[in-house]
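Report on the structure given below.
All of the numbers you see were taken from the coordinates with simple rules; none came from a lab. A quick note: this is a predicted structure, and the numbers were derived from the prediction, not measured. All Cβ positions, even for glycine, are placed from backbone atoms using ideal geometry, and neighbour counts span all protein chains on display.
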Amino acid sequence: MRGLGDNFHYTQTECGLIRAALNSLTAELRAAKKKFDAAEEDARTAKFTVNDDGSVTYPPGGKEVDGKTPEGGTVTGTVKGKPTGKPLDSTAVANDLAESVSRQAENFQQNPHRSKAIEIADRIAEALDEATKADEKWAPKLRGLKADDDLHVSRKDWMDVKRDMQIVRKGAGKYLKPPKKGSPKENAKWWKSLSQEERDDYIALHPASIGAMDGLPATVRDEANRTVLAEAKA
C-alpha cells in the first residue's frame, strides 16, 4: 500500500506538470487567437474574404480608370518584414517582368482597399506565427513528460520530475508567478481568488513557494511540501 501511495503521488505530480504545460500553451494560443479574431472581424466589416491560407481577398474599388474600376486582388501577410508566402496579387500578364510589376503597382495604388487588406493580412500572419511558435515551443516539452514503464518510483524518477518542473516553469513564464512575500492574510486572500485549476497548477509548478507560504491551508502546504521533500530526498 505504501508503494501504491508513492506511485499515486508521483503520478499526481507528473500529471500536474502536464496540466500546467497544457494550460500555459492554451494561454499563449488564446492570445494569438484573440489577435486573429480581431483581424478577421475587421476583414468581415470591410467586406473582405479571409482565405484558408491566411491571405485576404479584397474587392474592386476606387475611381474608374479608362472606364474601368480598379480590380480587386489577394494579398498574403508578412511577419516583421519577412514574407510568409508568395504574394497572390496579379494584373494582366506581360512578357516584360518590369512592365508587369509597374502595372501591378499602379493598379494597387488606385484601389483603396489594398492597403487595408495588407494591414489585416499582416495581423493574421503575426497571429498565426505566434500560434506556431507556441506549438513548436510546447510540443517537445510535452513529449518529454514521460515516465518509466515500471511499478517502482525511484530516486531517478523524482530527479526527473524536478528537471521536468524546471523546464515547464521556464516555459510558463508569466502565466503562473507566485506573488512576492506577503502577510498570511494577504496570502490567504490571493489563494482564495484563484480557481481550483490555478491552485493545482501553482502546486505543480511552484511547490516550494506554496509550501512555504504562510496563510494557506495546511493541507495545501502539506501536499506541496511532500513533493519538495521527495525531490530533495532524491
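Given 0.36 nm per residue, what is the gain on full extension from Gln166 to Ala232 after removing their alpha carbon distance, in nm?
Extending this stretch completely gives an extra 22.4 nm.
Looking at segment 24-84, which GluC sites (Glu not before Pro) are in a loop (DSSP not H, G, I, E or B) and have at most 11 other Cβ atoms within 10 Å?
When the GluC sites (Glu not before Pro) of segment 24-84 are filtered for loop state and at most 11 Cβ neighbours within 10 Å, Glu64 remain.
Length gain on complete extension for the stretch Val79 to Ala218, per 0.36 nm per residue less the alpha carbon to alpha carbon distance?
45.1 nm
How large is log10 I(q)/I(0) at q = 0.22 Å⁻¹ when the Debye formula is applied to the Cα atoms of segment 1-60, each weighted equally and without solvent?
For segment 1-60 at q = 0.22 Å⁻¹, log10 I(q)/I(0) is -0.87.
Using the Karplus equation 6.51 cos²θ - 1.76 cosθ + 1.60 (θ = phi - 60°), what ³J(HN,Hα) coupling, rounded to whole Hz, does each residue of segment 56-61 give in order, writing x for Gly and Pro?
Along segment 56-61, the couplings run 10, 9, 10, x, x, x Hz.
Under a Cβ-only charge scheme (Lys and Arg +1, Asp and Glu -1), can you give me the dipole magnitude of the chain about the Cα centre, in debye to the nearest 20?
Value, rounded to 20: 1160 debye.
What is the angle, in °, between the Cα long axis of helix 155-172 and the longest principal axis of the Cα atoms in the chain? Nearest 10 is fine, range 0 to 90.
The answer is roughly 40 degrees.
Which trypsin sites (Lys or Arg not before Pro) does segment 8-73 hold that lie in a coil by DSSP with at most 11 other beta carbons within 10 Å?
When the trypsin sites (Lys or Arg not before Pro) of segment 8-73 are filtered for loop state and at most 11 Cβ neighbours within 10 Å, Lys47, Lys63 remain.
Which whole-number value in Å³ per residue fits the convex hull of the alpha carbons of the chain? It would help to have the intermediate numbers written out before the result.
Values: hull volume 41.2 nm³, N = 234.
Taking only Cα atoms, the chain has a hull volume of 176 Å³ per residue.
With the calculation restricted to Cα positions, what are the radius of gyration and Dmax of segment 143-234 in angstrom?
14.2, 44
Distance cut-off 18 Å, Cα to Cα: go down the list Lys33/Lys133; Lys141/Lys192; Lys180/Lys233; Lys162/Lys233; Lys80/Lys170 and report the pairs above it.
Long pairs (Cα-Cα over 18 Å): Lys141/Lys192; Lys180/Lys233; Lys80/Lys170.
May I ask for the percentage of alpha-carbon pairs in segment 126-175 that lie more than 13 Å from each other?
Tail of P(r) above 13 Å: 66 percent of Cα pairs.
Within segment 146-185, list the residues whose amide N lies under 14 Å from a label point set 7 Å along Cα→Cβ of Thr26.
176
Just to confirm the filter: which GluC sites (Glu not before Pro) across segment 179-234 are DSSP coil and have at most 11 other Cβ within 10 angstrom of their Cβ?
Working: sites: Glu186, Glu197, Glu198, Glu223, Glu231; in loops: none.
Nothing satisfies the criteria.
If one takes the longest principal axis of the Cα atoms in the chain, at what angle in degrees, from 0 to 90 and to the nearest 10, does the Cα axis of helix 196-205 lie?
So the inclination is approximately 80 degrees.
Where in segment 142-174 does the label zone of Arg2 land, with the point 7 angstrom along Cα→C-beta and an amide N cut-off under 16 Å?
The answer is 152-155, whose backbone nitrogens lie closer than 16 Å to the label point.
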